[in-house]
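All remarks here apply to the structure that follows.
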Amino acid sequence: MMDYQPLDIGPLCNAGAELYGAEAKPPTGRVTLRGLPFLIGGETPDPTRCLVALGPRGAEEPVTISVGAVARHVLFAHALLDSRLLQNRPVGEAVAHYTVRYADGEEVRVPVRERFEIAAIPMWWGAFPFLAASDTKDSLAERYRGKYGGSGVRQAETFQGWPEHLYLWDWANPRPEQPIDAIVLEPAGHRVVLAAVTLGHLDEQPLRRMAKREVLITLPKPEDAKPFDLSVEVDRGVATFPFALPERPADAFLADPVRGFGEPQSARRSPAYTEVAAIPSATVTVKGGDETLAAVPWGELQRQGAIETPRARLEVVDRGRNWVRVTVLDDATGNPVPCRVHFRSPEGLPYQPHGHHNHVNSNLDTWHVDVGGDLRLGQVTYAYTDGQCQGWLPRGDMIVDVARGPEYEPLRQRVTIAPGQQELTLRLKRWTDMNARRWFSGDTHVHFLGSGGAHREAQAEDLNIVNLLQSQWGHLFTNTEDALGATHSNGGRTIVYTSQENRQHLLGHLTLLGLKAPVMPWCTDGPDEAELGGSLETTLAHWADACRAQGGTVVIPHLPNPNGEPAALIATGRADAVEMIDASDYKHAEYYRYLNCGYRLPLVGGTDKMDSAVPVGLYRTYAHIPDEEFSYDAWCRALRAGRTFLSAGPILSFSVEGAQIGDTLTIPSAGTLEVEATAESIFPIHTLEIVMGGQVVASTEEPKGARRLSLRAKIPVRGNTWLAARVGGPRYYEMQRFHDCWKRGMFAHTSPVYVAVGGPWHMFDLETARYMLTLVDGSLTYIRNTAAHYPVGQITHHHGEEDHLAFLERPFHEAAAAIHKRMHELGIPH
């Protein structure tokens, strides 16, 4: 006997699909609804007579269905077509009666009540029946594609099974051993359609799947472990998207020296996991692309715990779970401390706190979506918390991974969750307190977070300042709901200042910190930055002037690219600092060339955070405020004064004959200077170097990595120069890489100490000057010949000047004149 047996009620059908409306096309023939078989309209259905209609315009007398079989369950596929709930009729009104008559003559008469055993088609939102299920099951969104209009809904991943034509009601037979002779359908003055009846012979509830359980998928054949394209189908249930699991075992994850900062993302099919919620008779099918790798019975898999086929092994790894409240305490204060947390099983299955994602956007690469509250570093998703969170954790051994910026020791260890346990306390230890040493950290470059989320994440990363930047990407304007200015939290120790990054695709980008009024337009001259077909309305220099007029601070982000106007900004003194966004030798060389040409340029660190794969403050600016209260304005003053170092983890101290970072040390003549530098880190660091004039003049190295490096050296100085300290990996540029979206390296670099010999500090490099003049000329050439402009006289520009081209060119002429003046003062022909 089959597990589910459809009855042929075709001869009793008295109505067709037109009952649903002219355009409706209800299914007919042998169909599968929620994985269960039904027969609608008989084996050769007639679309005009495929339904049993009861009530108005249908049968007014009882309709008898002959059965002649035993059954544990009877499933009815039916619908109500004339709901009166919107006419204030009571919920639960009987719209028909179904009488089950047994072979021994006994009868059971069951009311079919609206919103209980049946509901209306079409259904309105919130009116699902209490005892019946829709004819479609819950489903997942398309994982890798879909319509643009569905991009917002796509983040939810799931869709509720919405009734299309029918509801399925399971009647549990109280006398499963007694044959059923017939089922009598009795109208009750309502318009009811019955499409099909199926007998269930299994000891299971066919429409009530159990809650999801985790299933580990491993593929024994190496040729099957291809780049990830797994999918899982469940005929009588549902499965979540499958996700790749870490390739490394748990012990390797625990032993990783870069704890708290993720691990590499596996791109392979095996190992992987999914979560299955189904009835016991379901079949779980694993596919790689369009190829079926395994199909196993769900009930048997649960009974055995694991099933191995020639090409796949499936194992239920659900060991039970508890709803646990987790508190992370500061070990010194005993108070809850904001931080980010990751919880996982030994196999690598994530169990993130409730309200947070196990996988951000299904582990697909994203941009400006889901940026708040969660962080994804490679394989690992972290939840930002205020020190307390709650949710499901697996029983038995599990792994916690907790971090809070570079001044706390990350916590990555095994813990055990006992049955019934509902509390877990963890402790984080601060190893250094830079605020106590009057150094305050800030991220100069953050996008897309809301100001509230920025406060939460800043506190969890132990970051004092977030510069949250409004900007524009084509027709997308971001953070417009965040008012310009500062918001404070954590007793004033955490500041989020909303300001702007103004951008042009060739001339460059500019970070305007501390704005009090908008500087517009935000972007100009077409995509990717400005709107399609836009004109060149302004330059970076004019943006910088507007920022300075408000007392703001001007930073050239991700020096040097886009590499058009930065040279002009630097030549005219409009740049207060430059930002290094990663640790490439190209970006170092570009920074050094301007210093060697005599331009004082403080160095700052920012993340350019634009998605959930970048932690706020991964690259941060430490600014020294020795003798005044910490505030946003004080931090910006320290930044402009060059009392900064950029850190991607390590903490640096540096002095030259006692002069500190940002100072100018004046000596009467050439001589030897003593430099001291120390680097400390929660991560292994390998090389500490002193750079003078762009060249390494002293260094120390620990090939195996160390938590602390220090260096004291005597450096001969023959003329004006600058010195800085930097720390990184073996041979400096071979850095330990983070698992953020750009795989950035772990390093730190100070702003210079300037050394003046025998007079005021100045330096000049002819090659750099010519390089800058070339960029100035290139920018002017672009403005005159390539950039888009409106015809003269057709529009009034925001600046109000009649000669728009002269307005655009003016800063570049100023830059060329400033460079030529320096060359003239040095007697260099130009």
Within region 421-435, is even one residue under 26 Å from the mean Cα position of the chain (by Cα), under 24 Å from residue 375 (Cα atoms) and among the hydroxyl-bearing types (Ser, Thr, Tyr)? no
Can you confirm whether region 115-133 contains a residue that is outside any loop (DSSP other than H, G, I, E, B), touching a Ser or Thr at 6+ places or on another chain (Cβ under 8 Å) and open to solvent by 20 Å² or more (accessible area, probe 1.4 Å)? no
Restricting to region 638-654, name every residue that is surrounded by 24 or more Cβ atoms within 10 Å (Cβ to Cβ) and part of a helix (DSSP H, G or I). 638, 639
Can you find a residue that is part of a loop (DSSP other than H, G, I, E, B), open to solvent by 60 Å² or more (accessible area, probe 1.4 Å) and of a type outside the set (D, E, K, R) anywhere in region 233-245? no
Could you say whether any residue in region 622-637 is open to solvent by less than 10 Å² (accessible area, probe 1.4 Å), of a type outside the set (Phe, Trp, Tyr), over 22 Å from residue 458 (Cα atoms) and touching an Asp or Glu at 6+ places or on another chain (Cβ under 6 Å)? no
Checking residue 647 against (1) over 32 Å from the mean Cα position of the chain (by Cα); (2) in contact (Cβ under 8 Å) with a residue 40 or more places away in the chain, which test does it fail? (1)
Quick count over region 453-485, residues being touching a residue at least 24 places away in the same chain (Cβ under 8 Å) and either in a loop (DSSP other than H, G, I, E, B) or surrounded by fewer than 17 Cβ atoms within 10 Å (Cβ to Cβ) (or both), is 13
Could you grab me the full set of residues in region 161-185 that are over 46 Å from the mean Cα position of the chain (by Cα) and surrounded by 20 or more Cβ atoms within 10 Å (Cβ to Cβ)? 180, 183, 185
Among the residues of region 574-633, count how many are closer than 23 Å to residue 681 by Cα and of a type in the set (Gly, Ala, Ser). 7
Hits in region 375-432 (condition: farther than 20 Å from residue 357 by Cα, in a strand (DSSP E or B) and among the acidic types (Asp, Glu)): 397, 409, 423
Members of region 411-434 that are within 14 Å of residue 332 (Cα to Cα) and either open to solvent by 90 Å² or more (accessible area, probe 1.4 Å) or among the acidic types (Asp, Glu) (or both): 427, 429, 433
All-but-one check, residue 600 against (1) in contact with a Gly (Cβ under 9 Å, 6 or more places away or on another chain); (2) charged (D, E, K, R); (3) assigned to a loop (DSSP other than H, G, I, E, B); (4) free of Cβ contacts under 8 Å to residues at least 60 places away in the same chain, failing number (4)
Does residue 330 satisfy the condition of being at pLDDT 95 or above, more than 25 Å from residue 215 (Cα to Cα) and open to solvent by 20 Å² or more (accessible area, probe 1.4 Å)? no
Within region 62-72, is even one residue polar (S, T, N, Q), assigned to a loop (DSSP other than H, G, I, E, B) and either open to solvent by 10 Å² or more (accessible area, probe 1.4 Å) or in contact with a Lys or Arg (Cβ under 9 Å, 6 or more places away or on another chain) (or both)? no
Residues within region 93-103 that are under 14 Å from residue 117 (Cβ atoms) and open to solvent by less than 20 Å² (accessible area, probe 1.4 Å), tallied: 5
Let me spell it out: the conditions are (1) in contact with a Phe, Trp or Tyr (Cβ under 9 Å, 6 or more places away or on another chain); (2) open to solvent by 10 Å² or more (accessible area, probe 1.4 Å); (3) not aromatic (Phe, Trp, Tyr), and residue 562 meets all of them except one. Which number is the exception? (1)
Looking at 262, 289, which is the one that is under 17 Å from residue 344 (Cβ atoms), small (Gly, Ala, Ser) and within 28 Å of the chain's Cα centre (by Cα)? 262
Being open to solvent by less than 10 Å² (accessible area, probe 1.4 Å), touching a strand residue (DSSP E or B) at 6+ places or on another chain (Cβ under 7 Å), at pLDDT 95 or above and not charged (D, E, K, R) narrows it down to one of 605, 671, so name that one. 605
Looking only at region 20-36, how many residues end up being among the hydrophobic types (A, V, I, L, M, F, W, C) and crowded, with 22+ Cβ neighbours inside 10 Å? 2
Taking the conditions exactly as written (over 30 Å from residue 551 (Cα atoms), in a strand (DSSP E or B) and touching a residue at least 40 places away in the same chain (Cβ under 8 Å)), does residue 711 satisfy them or not? no
Quick one: in region 186-198, of everything that is open to solvent by less than 10 Å² (accessible area, probe 1.4 Å) and out of contact with any Pro (no Cβ under 8 Å at 6 or more places or on another chain), which residue is farthest from residue 8 (Cα to Cα)? 192
Considering region 495-513 alone, what residues qualify as being open to solvent by less than 10 Å² (accessible area, probe 1.4 Å) and part of a loop (DSSP other than H, G, I, E, B)? 507
Of residues in region 334-386 being touching a strand residue (DSSP E or B) at 6+ places or on another chain (Cβ under 6 Å) and of a type in the set (Lys, Arg), the one surrounded by the most Cβ atoms within 10 Å (Cβ to Cβ): 340
Keeping to region 1-19, report how many residues are surrounded by fewer than 14 Cβ atoms within 10 Å (Cβ to Cβ) and not in a loop (DSSP other than H, G, I, E, B). 2
Check on residue 442, on the phi > 0 side of the Ramachandran plot, of a type outside the set (Val, Ile, Thr) and either more than 25 Å from the chain's Cα centre (by Cα) or not in a helix (DSSP H, G or I) (or both): no
Is it the case that region 37-60 has a residue that's assigned to a strand (DSSP E or B), on the phi > 0 side of the Ramachandran plot and surrounded by 13 or more Cβ atoms within 10 Å (Cβ to Cβ)? no
Is it the case that region 541-550 has a residue that's surrounded by 24 or more Cβ atoms within 10 Å (Cβ to Cβ) and either closer than 29 Å to residue 737 by Cα or not small (Gly, Ala, Ser) (or both)? yes
Condition first: exposed (fewer than 10 other Cβ atoms within 10 Å of the Cβ) and either at pLDDT 85 or above or touching a Phe, Trp or Tyr at 6+ places or on another chain (Cβ under 8 Å) (or both). Now tell me which residues in region 143-155 satisfy that. 144, 145, 147, 148, 149
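The values are calculated or read from the model by the stated rules, or taken from the named source; none is laboratory data. The structure presented is a predicted model; accordingly, all values stated were derived computationally and were not measured. Cβ sites come from the backbone with ideal geometry, for glycine too, and all protein chains shown count toward neighbours. To get the accessible areas, we keep the full protein, side chains included, count just its heavy atoms, and leave off ligands, DNA and RNA. Shrake-Rupley method; radii C 1.70, N 1.55, O 1.52, S 1.80 Å.
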